[in-house]
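Student: Below you will find the structure I want to go over with you.
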Amino acid sequence: MDSRIALAIGIVVLLVGLAALVPGLQRYCPSCVVERSPYPFTVMMVAYTTYAGLAAGIVMAVSLARLAGRLDEKWMSHAYWAALGLLIAAWITVFLDLGRPDHAVWLVEGWHPTSRVAWMPVFYILLLIPLLTVLVGCIRESRVCSNGVAVGAALLTAALLELNLGSVFGFAVGVPAWQGLYPALSFLVAGVAGGAAAAALLVPLGAKLHGSGSDTAKAVRPLAGIAFAGALLELILEYWRGLQAGYYPGVEAYFSLAGSSIWVEAGLLVAALIVLAAAYARRSYWALVLGSLLLIAGVVAGKYGFIIHGEEARIEAQTFTPVNPYNVLYGGEHYSISGADAAAVAAALLIGLGVFMIGEPLLALEPGEKPRLLFFRSAGGVEAKR
(Lines give C-alpha, C1' and ligand atoms only; values in the text may rest on other atoms or scores of the structure.)
Protein backbone atom coordinates (compact mmCIF):
# COMPACT_ATOMS: atom_id res chain seq x y z
CA MET A 1 0.00 0.00 0.00
CA ASP A 2 1.21 3.50 -0.82
CA SER A 3 2.59 5.16 2.32
CA ARG A 4 0.52 8.32 1.76
CA ILE A 5 -2.70 6.32 1.57
CA ALA A 6 -1.72 4.31 4.64
CA LEU A 7 -0.89 7.49 6.55
CA ALA A 8 -4.22 9.05 5.53
CA ILE A 9 -6.11 5.98 6.76
CA GLY A 10 -4.33 6.14 10.10
CA ILE A 11 -5.07 9.85 10.48
CA VAL A 12 -8.76 9.28 9.70
CA VAL A 13 -8.98 6.51 12.32
CA LEU A 14 -7.27 8.76 14.87
CA LEU A 15 -9.60 11.69 14.10
CA VAL A 16 -12.69 9.49 14.40
CA GLY A 17 -11.40 8.34 17.78
CA LEU A 18 -10.87 11.91 18.93
CA ALA A 19 -14.36 12.83 17.72
CA ALA A 20 -15.82 9.93 19.72
CA LEU A 21 -14.34 11.46 22.86
CA VAL A 22 -16.92 14.25 22.71
CA PRO A 23 -19.98 12.04 23.45
CA GLY A 24 -17.76 9.89 25.65
CA LEU A 25 -17.15 12.77 28.04
CA GLN A 26 -20.91 12.93 28.72
CA ARG A 27 -20.39 10.05 31.16
CA TYR A 28 -19.41 12.66 33.76
CA CYS A 29 -22.84 14.27 34.08
CA PRO A 30 -24.08 14.22 37.74
CA SER A 31 -26.97 11.85 37.02
CA CYS A 32 -24.63 9.48 35.14
CA VAL A 33 -22.30 9.28 38.13
CA VAL A 34 -25.21 8.48 40.45
CA GLU A 35 -26.42 5.74 38.10
CA ARG A 36 -23.02 4.06 38.33
CA SER A 37 -22.97 3.99 42.14
CA PRO A 38 -23.85 0.26 42.42
CA TYR A 39 -21.27 -0.53 39.74
CA PRO A 40 -18.03 1.40 40.26
CA PHE A 41 -16.37 -0.89 37.69
CA THR A 42 -18.23 -0.46 34.41
CA VAL A 43 -17.60 -1.46 30.81
CA MET A 44 -14.71 1.01 31.01
CA MET A 45 -12.89 -1.45 33.28
CA VAL A 46 -13.78 -4.29 30.93
CA ALA A 47 -12.25 -2.33 28.06
CA TYR A 48 -9.16 -1.37 30.06
CA THR A 49 -8.40 -4.94 31.15
CA THR A 50 -9.02 -6.15 27.60
CA TYR A 51 -6.78 -3.58 25.92
CA ALA A 52 -4.00 -3.95 28.50
CA GLY A 53 -4.37 -7.74 28.41
CA LEU A 54 -4.12 -7.92 24.62
CA ALA A 55 -1.09 -5.60 24.64
CA ALA A 56 0.77 -7.64 27.24
CA GLY A 57 -0.47 -10.80 25.56
CA ILE A 58 1.01 -9.79 22.19
CA VAL A 59 4.37 -9.30 23.88
CA MET A 60 4.12 -12.67 25.65
CA ALA A 61 2.90 -14.69 22.66
CA VAL A 62 5.27 -13.18 20.10
CA SER A 63 8.23 -13.29 22.48
CA LEU A 64 7.56 -16.97 23.17
CA ALA A 65 7.42 -17.72 19.46
CA ARG A 66 10.53 -15.62 18.82
CA LEU A 67 12.55 -17.34 21.57
CA ALA A 68 11.51 -20.69 20.10
CA GLY A 69 12.79 -19.55 16.71
CA ARG A 70 9.34 -19.70 15.09
CA LEU A 71 8.90 -16.00 14.22
CA ASP A 72 11.36 -13.60 12.61
CA GLU A 73 12.38 -10.08 13.61
CA LYS A 74 9.91 -8.53 11.18
CA TRP A 75 6.94 -10.09 12.99
CA MET A 76 8.35 -9.11 16.35
CA SER A 77 8.89 -5.43 15.47
CA HIS A 78 5.40 -5.02 14.00
CA ALA A 79 3.89 -6.90 16.96
CA TYR A 80 5.69 -4.82 19.58
CA TRP A 81 4.54 -1.64 17.84
CA ALA A 82 0.95 -2.97 17.85
CA ALA A 83 1.29 -3.71 21.57
CA LEU A 84 2.23 -0.07 22.19
CA GLY A 85 -0.87 1.06 20.31
CA LEU A 86 -3.09 -1.12 22.52
CA LEU A 87 -1.30 0.13 25.64
CA ILE A 88 -2.18 3.67 24.57
CA ALA A 89 -5.82 2.58 24.28
CA ALA A 90 -5.64 1.06 27.77
CA TRP A 91 -4.12 4.19 29.31
CA ILE A 92 -6.70 6.47 27.67
CA THR A 93 -9.46 4.26 29.09
CA VAL A 94 -7.97 4.54 32.57
CA PHE A 95 -7.74 8.33 32.42
CA LEU A 96 -11.31 8.57 31.12
CA ASP A 97 -12.50 6.31 33.92
CA LEU A 98 -10.71 8.38 36.56
CA GLY A 99 -12.77 11.41 35.59
CA ARG A 100 -9.84 13.81 35.73
CA PRO A 101 -6.29 13.11 34.53
CA ASP A 102 -4.78 14.72 37.63
CA HIS A 103 -6.42 12.01 39.74
CA ALA A 104 -3.65 9.73 38.49
CA VAL A 105 -1.27 11.69 40.74
CA TRP A 106 -2.88 9.95 43.70
CA LEU A 107 -1.23 6.71 42.62
CA VAL A 108 2.13 8.38 43.21
CA GLU A 109 1.37 10.59 46.20
CA GLY A 110 -0.52 7.87 48.05
CA TRP A 111 1.61 4.95 46.83
CA HIS A 112 1.46 1.93 49.12
CA PRO A 113 3.29 -1.36 48.53
CA THR A 114 0.32 -3.48 49.63
CA SER A 115 -1.95 -2.01 46.93
CA ARG A 116 -2.09 -3.94 43.65
CA VAL A 117 -3.47 -0.82 41.93
CA ALA A 118 -0.46 1.19 43.09
CA TRP A 119 1.85 -1.37 41.50
CA MET A 120 0.29 -1.07 38.04
CA PRO A 121 2.36 2.01 36.96
CA VAL A 122 5.48 0.23 38.21
CA PHE A 123 4.78 -2.83 36.07
CA TYR A 124 3.98 -0.65 33.07
CA ILE A 125 7.40 0.98 33.39
CA LEU A 126 9.06 -2.40 33.83
CA LEU A 127 7.33 -3.62 30.66
CA LEU A 128 8.10 -0.53 28.60
CA ILE A 129 11.86 -0.69 29.27
CA PRO A 130 12.55 -4.03 27.49
CA LEU A 131 9.69 -3.52 24.99
CA LEU A 132 11.08 -0.19 23.77
CA THR A 133 14.64 -1.50 23.96
CA VAL A 134 13.85 -4.39 21.63
CA LEU A 135 11.68 -2.26 19.34
CA VAL A 136 14.33 0.45 18.98
CA GLY A 137 16.90 -2.30 18.46
CA CYS A 138 14.85 -3.66 15.56
CA ILE A 139 14.50 -0.19 14.03
CA ARG A 140 18.21 0.54 14.41
CA GLU A 141 19.11 -3.02 13.37
CA SER A 142 21.22 -3.61 16.44
CA ARG A 143 21.89 -6.93 18.13
CA VAL A 144 19.41 -6.03 20.87
CA CYS A 145 16.56 -6.90 18.48
CA SER A 146 17.46 -10.59 18.58
CA ASN A 147 18.92 -10.62 22.08
CA GLY A 148 17.28 -13.45 24.03
CA VAL A 149 17.75 -11.70 27.37
CA ALA A 150 15.95 -8.54 26.21
CA VAL A 151 13.12 -10.51 24.59
CA GLY A 152 12.87 -12.72 27.67
CA ALA A 153 12.70 -9.63 29.89
CA ALA A 154 9.81 -8.29 27.82
CA LEU A 155 8.06 -11.66 28.16
CA LEU A 156 8.59 -11.77 31.94
CA THR A 157 7.49 -8.18 32.63
CA ALA A 158 4.37 -8.62 30.46
CA ALA A 159 3.47 -11.73 32.46
CA LEU A 160 4.01 -9.90 35.76
CA LEU A 161 1.81 -7.04 34.59
CA GLU A 162 -1.04 -9.42 33.77
CA LEU A 163 -0.67 -11.28 37.07
CA ASN A 164 -0.77 -8.01 38.99
CA LEU A 165 -3.76 -6.72 37.01
CA GLY A 166 -5.70 -9.88 37.85
CA SER A 167 -4.61 -9.56 41.49
CA VAL A 168 -6.27 -6.14 41.63
CA PHE A 169 -9.55 -8.08 41.55
CA GLY A 170 -8.38 -11.14 43.46
CA PHE A 171 -7.34 -9.04 46.46
CA ALA A 172 -10.56 -6.97 46.48
CA VAL A 173 -12.39 -7.56 49.76
CA GLY A 174 -15.72 -6.00 48.77
CA VAL A 175 -16.62 -8.39 45.94
CA PRO A 176 -16.66 -12.04 47.10
CA ALA A 177 -16.96 -13.41 43.54
CA TRP A 178 -13.56 -11.95 42.65
CA GLN A 179 -11.45 -13.14 45.57
CA GLY A 180 -8.75 -15.75 45.19
CA LEU A 181 -6.08 -16.82 42.72
CA TYR A 182 -8.47 -17.26 39.79
CA PRO A 183 -8.34 -13.65 38.49
CA ALA A 184 -4.52 -13.56 38.30
CA LEU A 185 -4.29 -16.94 36.56
CA SER A 186 -7.21 -16.22 34.24
CA PHE A 187 -5.87 -12.82 33.19
CA LEU A 188 -2.46 -14.33 32.45
CA VAL A 189 -3.82 -17.24 30.39
CA ALA A 190 -6.41 -15.12 28.57
CA GLY A 191 -3.69 -12.56 27.88
CA VAL A 192 -1.43 -15.08 26.16
CA ALA A 193 -4.31 -16.55 24.13
CA GLY A 194 -5.76 -13.16 23.18
CA GLY A 195 -2.30 -11.79 22.46
CA ALA A 196 -1.55 -14.52 19.93
CA ALA A 197 -4.92 -13.81 18.30
CA ALA A 198 -4.34 -10.04 18.26
CA ALA A 199 -0.89 -10.52 16.75
CA ALA A 200 -2.38 -12.69 14.00
CA LEU A 201 -4.79 -9.86 13.14
CA LEU A 202 -2.67 -6.73 13.61
CA VAL A 203 0.77 -7.70 12.31
CA PRO A 204 -0.36 -8.46 8.72
CA LEU A 205 -2.44 -5.27 8.78
CA GLY A 206 0.59 -3.31 9.95
CA ALA A 207 2.82 -4.87 7.28
CA LYS A 208 0.29 -3.97 4.58
CA LEU A 209 0.13 -0.37 5.79
CA HIS A 210 3.90 -0.40 5.91
CA GLY A 211 3.97 -1.22 2.22
CA SER A 212 5.26 -4.78 2.45
CA GLY A 213 3.87 -8.25 2.76
CA SER A 214 4.07 -10.46 5.83
CA ASP A 215 4.93 -14.13 5.60
CA THR A 216 1.75 -15.31 7.26
CA ALA A 217 2.30 -18.95 6.31
CA LYS A 218 5.24 -19.32 8.70
CA ALA A 219 3.34 -17.62 11.53
CA VAL A 220 0.17 -19.75 11.37
CA ARG A 221 1.35 -22.73 13.38
CA PRO A 222 3.20 -20.92 16.20
CA LEU A 223 0.41 -18.40 16.76
CA ALA A 224 -2.40 -20.95 16.32
CA GLY A 225 -0.63 -23.29 18.73
CA ILE A 226 -0.17 -20.63 21.41
CA ALA A 227 -3.72 -19.36 21.00
CA PHE A 228 -5.12 -22.91 21.14
CA ALA A 229 -3.18 -23.74 24.31
CA GLY A 230 -4.28 -20.51 25.98
CA ALA A 231 -7.94 -20.97 25.06
CA LEU A 232 -7.89 -24.56 26.35
CA LEU A 233 -6.32 -23.51 29.65
CA GLU A 234 -8.90 -20.74 30.01
CA LEU A 235 -11.71 -23.28 29.60
CA ILE A 236 -10.09 -25.47 32.25
CA LEU A 237 -9.88 -22.50 34.62
CA GLU A 238 -13.56 -21.71 34.05
CA TYR A 239 -14.47 -25.31 34.86
CA TRP A 240 -12.31 -25.19 37.98
CA ARG A 241 -14.11 -22.02 39.06
CA GLY A 242 -17.44 -23.72 38.49
CA LEU A 243 -16.39 -26.40 40.95
CA GLN A 244 -15.71 -23.66 43.50
CA ALA A 245 -19.33 -22.51 43.33
CA GLY A 246 -20.43 -25.26 45.68
CA TYR A 247 -18.06 -24.04 48.40
CA TYR A 248 -18.13 -20.23 48.13
CA PRO A 249 -21.46 -18.33 48.30
CA GLY A 250 -20.06 -15.37 46.36
CA VAL A 251 -18.97 -17.57 43.46
CA GLU A 252 -22.26 -19.47 43.57
CA ALA A 253 -24.17 -16.18 43.33
CA TYR A 254 -21.97 -15.18 40.42
CA PHE A 255 -22.73 -18.35 38.46
CA SER A 256 -26.44 -18.06 39.14
CA LEU A 257 -26.41 -14.50 37.77
CA ALA A 258 -23.93 -14.94 34.92
CA GLY A 259 -25.97 -17.74 33.38
CA SER A 260 -26.07 -17.22 29.63
CA SER A 261 -22.94 -15.08 29.74
CA ILE A 262 -20.87 -18.06 30.85
CA TRP A 263 -22.28 -20.23 28.09
CA VAL A 264 -21.56 -17.53 25.52
CA GLU A 265 -17.94 -17.35 26.66
CA ALA A 266 -17.60 -21.14 26.69
CA GLY A 267 -19.22 -21.45 23.27
CA LEU A 268 -16.91 -18.87 21.73
CA LEU A 269 -13.84 -20.53 23.26
CA VAL A 270 -14.88 -23.98 22.07
CA ALA A 271 -15.57 -22.66 18.57
CA ALA A 272 -12.18 -20.91 18.61
CA LEU A 273 -10.47 -24.15 19.63
CA ILE A 274 -12.02 -26.03 16.72
CA VAL A 275 -11.10 -23.39 14.15
CA LEU A 276 -7.58 -22.90 15.56
CA ALA A 277 -6.98 -26.65 15.43
CA ALA A 278 -8.01 -26.60 11.77
CA ALA A 279 -5.74 -23.62 11.14
CA TYR A 280 -2.80 -25.45 12.70
CA ALA A 281 -3.45 -28.68 10.81
CA ARG A 282 -4.01 -27.03 7.41
CA ARG A 283 -1.61 -24.10 7.90
CA SER A 284 -4.51 -21.85 6.92
CA TYR A 285 -4.05 -18.18 7.72
CA TRP A 286 -7.71 -17.34 7.11
CA ALA A 287 -8.75 -20.05 9.54
CA LEU A 288 -6.33 -18.45 12.01
CA VAL A 289 -8.04 -15.09 11.43
CA LEU A 290 -11.49 -16.56 12.11
CA GLY A 291 -10.25 -18.45 15.15
CA SER A 292 -8.57 -15.29 16.45
CA LEU A 293 -11.77 -13.26 16.12
CA LEU A 294 -13.75 -15.94 17.98
CA LEU A 295 -11.08 -16.15 20.66
CA ILE A 296 -10.92 -12.39 21.26
CA ALA A 297 -14.73 -12.29 21.43
CA GLY A 298 -14.59 -15.06 24.04
CA VAL A 299 -11.98 -13.19 26.06
CA VAL A 300 -14.10 -10.01 26.01
CA ALA A 301 -17.22 -11.98 27.04
CA GLY A 302 -15.27 -13.55 29.89
CA LYS A 303 -13.94 -10.20 31.13
CA TYR A 304 -17.39 -8.61 30.93
CA GLY A 305 -19.05 -11.48 32.80
CA PHE A 306 -16.35 -11.62 35.46
CA ILE A 307 -16.38 -7.89 36.23
CA ILE A 308 -20.04 -6.92 35.76
CA HIS A 309 -21.73 -10.09 37.02
CA GLY A 310 -19.24 -10.23 39.87
CA GLU A 311 -20.51 -6.85 41.02
CA GLU A 312 -24.12 -7.97 40.54
CA ALA A 313 -23.43 -10.97 42.77
CA ARG A 314 -22.27 -8.59 45.49
CA ILE A 315 -25.80 -7.17 45.61
CA GLU A 316 -27.39 -10.59 46.19
CA ALA A 317 -28.62 -11.13 49.76
CA GLN A 318 -27.14 -14.62 50.14
CA THR A 319 -23.59 -13.37 49.80
CA PHE A 320 -23.68 -11.51 53.11
CA THR A 321 -25.08 -12.43 56.51
CA PRO A 322 -27.19 -11.45 58.26
CA VAL A 323 -27.85 -8.28 56.19
CA ASN A 324 -26.35 -7.30 52.87
CA PRO A 325 -26.16 -3.48 52.80
CA TYR A 326 -25.67 -3.50 49.01
CA ASN A 327 -28.95 -5.38 48.62
CA VAL A 328 -30.72 -2.89 50.85
CA LEU A 329 -29.43 0.08 48.84
CA TYR A 330 -29.34 -1.29 45.31
CA GLY A 331 -31.38 -4.50 45.25
CA GLY A 332 -32.95 -5.10 41.85
CA GLU A 333 -30.72 -2.65 39.98
CA HIS A 334 -28.97 -4.12 36.95
CA TYR A 335 -26.12 -2.75 34.91
CA SER A 336 -26.54 -1.51 31.35
CA ILE A 337 -23.95 0.07 29.07
CA SER A 338 -24.58 3.76 28.54
CA GLY A 339 -24.06 5.42 25.18
CA ALA A 340 -21.38 7.67 26.70
CA ASP A 341 -19.43 4.70 28.04
CA ALA A 342 -19.66 2.92 24.68
CA ALA A 343 -18.35 6.04 22.94
CA ALA A 344 -15.46 6.35 25.41
CA VAL A 345 -14.50 2.69 24.93
CA ALA A 346 -14.57 3.07 21.14
CA ALA A 347 -12.65 6.35 21.28
CA ALA A 348 -9.80 4.83 23.28
CA LEU A 349 -9.47 1.87 20.92
CA LEU A 350 -9.64 3.99 17.77
CA ILE A 351 -7.01 6.41 19.08
CA GLY A 352 -4.69 3.55 19.99
CA LEU A 353 -5.20 1.87 16.62
CA GLY A 354 -4.80 5.23 14.91
CA VAL A 355 -1.38 5.73 16.49
CA PHE A 356 -0.42 2.17 15.46
CA MET A 357 -1.59 2.74 11.88
CA ILE A 358 0.11 6.14 11.57
CA GLY A 359 3.39 4.74 12.83
CA GLU A 360 3.42 1.83 10.39
CA PRO A 361 4.18 3.85 7.20
CA LEU A 362 6.48 6.25 9.07
CA LEU A 363 8.79 4.04 11.17
CA ALA A 364 11.64 1.86 9.91
CA LEU A 365 10.22 -1.31 11.42
CA GLU A 366 11.53 -3.88 8.97
CA PRO A 367 14.99 -5.36 8.37
CA GLY A 368 16.93 -3.65 5.61
CA GLU A 369 15.34 -0.24 6.03
CA LYS A 370 17.69 2.65 6.66
CA PRO A 371 16.22 4.87 9.40
CA ARG A 372 16.60 8.62 9.30
CA LEU A 373 16.20 10.91 12.30
CA LEU A 374 16.91 7.78 14.38
CA PHE A 375 13.58 6.01 13.83
CA PHE A 376 11.81 7.09 10.62
CA ARG A 377 11.83 5.42 7.23
CA SER A 378 13.97 6.82 4.45
CA ALA A 379 12.24 7.94 1.29
CA GLY A 380 13.23 4.70 -0.40
CA GLY A 381 11.68 2.55 2.33
CA VAL A 382 12.87 -1.05 2.24
CA GLU A 383 14.91 -0.30 -0.86
CA ALA A 384 17.14 2.02 1.13
CA LYS A 385 19.54 -0.58 2.46
CA ARG A 386 22.32 -0.03 4.88
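The values are calculated or read from the model by the stated rules, or taken from the named source; none is laboratory data. What you are looking at is a predicted structure, and each value in this text was computed from that prediction instead of being measured. Methodologically, a virtual Cβ is constructed for each residue, glycine included, from the backbone with ideal geometry; neighbour enumeration extends over all protein chains shown. Note: areas computed on protein heavy atoms with side chains; ligands, DNA, RNA excluded. Shrake-Rupley method; radii C 1.70, N 1.55, O 1.52, S 1.80 Å.
Student: How many residues does the stretch 175-234 hold that are of a type in the set (V, I, T) and out of contact with any helix residue (DSSP H, G or I) (no Cβ under 8 Å at 6 or more places or on another chain)? Can you show your working first?
Tutor: So in the stretch 175-234, the residues of a type in the set (V, I, T) come out as 175, 189, 192, 203, 216, 220, 226.
Adding the requirement that they be out of contact with any helix residue (DSSP H, G or I) (no Cβ under 8 Å at 6 or more places or on another chain) leaves none.
Total satisfying the criteria: 0.
Student: Residues V275, V299: which one is β-branched (V, I, T), open to solvent by less than 40 Å² (accessible area, probe 1.4 Å), under 19 Å from R221 (Cβ atoms) and at pLDDT 95 or above?
Tutor: Values: V299 fails: under 19 Å from R221 (Cβ atoms).
Answer to the check: V275.
Student: Of the numbered conditions (1) more than 20 Å from A89 (Cβ to Cβ); (2) modelled with pLDDT of 90 or more; (3) under 27 Å from the mean Cα position of the chain (by Cα); (4) open to solvent by 60 Å² or more (accessible area, probe 1.4 Å), S336 satisfies every one except a single condition; which is it?
Tutor: Every condition holds for S336 apart from (2).
Student: Please specify each residue of the stretch 257-266 satisfying the condition of being surrounded by fewer than 20 Cβ atoms within 10 Å (Cβ to Cβ) and touching a residue at least 12 places away in the same chain (Cβ under 8 Å). Walk me through it before giving the result.
Tutor: If we filter the stretch 257-266 for residues that are surrounded by fewer than 20 Cβ atoms within 10 Å (Cβ to Cβ), which is where we start, we get 259-261, 263-264, 266.
S261, V264, A266, listed by residue number.
Student: Would you confirm whether or not the stretch 203-215 contains a residue that is surrounded by fewer than 19 Cβ atoms within 10 Å (Cβ to Cβ) and under 18 Å from the mean Cα position of the chain (by Cα)?
Tutor: Yes - at least one qualifying residue is present in the stretch 203-215.
Student: Just checking, how many residues over the stretch 41-87 are under 12 Å from A159 (Cα atoms) and of a type in the set (G, A, S)? Explain how you work it out, then say what you get.
Tutor: Residues of the stretch 41-87 under 12 Å from A159 (Cα atoms): 52-61, 63-64.
Remaining after also requiring of a type in the set (G, A, S): 52-53, 55-57, 61, 63.
Count: 7.
Student: Now for a different question. Would you check if there is a residue in the stretch 233-245 being hydroxyl-bearing (S, T, Y), assigned to a helix (DSSP H, G or I) and open to solvent by 30 Å² or more (accessible area, probe 1.4 Å)?
Tutor: In the first step, residues of the stretch 233-245 are kept if they are hydroxyl-bearing (S, T, Y); the result is 239.
Subset that is assigned to a helix (DSSP H, G or I): 239.
Next, only the ones that are open to solvent by 30 Å² or more (accessible area, probe 1.4 Å) stay: 239.
Among the residues of the stretch 233-245, at least one is hydroxyl-bearing (S, T, Y), assigned to a helix (DSSP H, G or I) and open to solvent by 30 Å² or more (accessible area, probe 1.4 Å), which makes the answer yes.
Student: Follow-up question, since we're still on this one. Which one of these is buried (at least 24 other Cβ atoms within 10 Å of the Cβ) and modelled with pLDDT under 95: S31, S77? It would help to see each step written out before you state the result.
Tutor: Working: S31 fails: buried (at least 24 other Cβ atoms within 10 Å of the Cβ).
Only one candidate passes the filter, namely S77.
Student: Assuming A158 fulfils every condition listed in (1) touching a Ser or Thr at 6+ places or on another chain (Cβ under 9 Å); (2) at pLDDT below 95 apart from one, which condition is it?
Tutor: (2)
Student: Being surrounded by fewer than 24 Cβ atoms within 10 Å (Cβ to Cβ) and either assigned to a helix (DSSP H, G or I) or more than 22 Å from the chain's Cα centre (by Cα) (or both) narrows it down to one of A229, A198, A172, so name that one.
Tutor: Working: A198 fails: surrounded by fewer than 24 Cβ atoms within 10 Å (Cβ to Cβ); A172 fails: either assigned to a helix (DSSP H, G or I) or more than 22 Å from the chain's Cα centre (by Cα) (or both).
After ruling out the rest, the residue left standing is A229.
Student: Would you check which residues across the stretch 7-19 are small (G, A, S), over 20 Å from the mean Cα position of the chain (by Cα) and either more than 23 Å from F376 (Cβ to Cβ) or crowded, with 17+ Cβ neighbours inside 10 Å (or both) and list them? Spell out how you get there, then give the answer.
Tutor: Quick first cut of the stretch 7-19, residues small (G, A, S) only: 8, 10, 17, 19.
Next, only the ones that are over 20 Å from the mean Cα position of the chain (by Cα) stay: 8, 10, 19.
Matches in the stretch 7-19: G10, A19.
Student: May I ask you to list pairs of residues, at least six apart or on different chains, whose Cβ atoms are under 6 Å apart, with the first in the stretch 286-303 being over 11 Å from A193 (Cβ atoms) and the second being in a helix (DSSP H, G or I) and acidic (D, E)?
Tutor: Close Cβ pairs satisfying both conditions: A301/E265.
Student: Can we say I139 is closer than 27 Å to S77 by Cα, in contact with a Ser or Thr (Cβ under 8 Å, 6 or more places away or on another chain), open to solvent by 40 Å² or more (accessible area, probe 1.4 Å) and in a helix (DSSP H, G or I)? Outline the logic, then answer.
Tutor: On the way: closer than 27 Å to S77 by Cα: yes; in contact with a Ser or Thr (Cβ under 8 Å, 6 or more places away or on another chain): yes; open to solvent by 40 Å² or more (accessible area, probe 1.4 Å): no; in a helix (DSSP H, G or I): yes.
Spelling it out, it is not the case that I139 is closer than 27 Å to S77 by Cα, in contact with a Ser or Thr (Cβ under 8 Å, 6 or more places away or on another chain), open to solvent by 40 Å² or more (accessible area, probe 1.4 Å) and in a helix (DSSP H, G or I).
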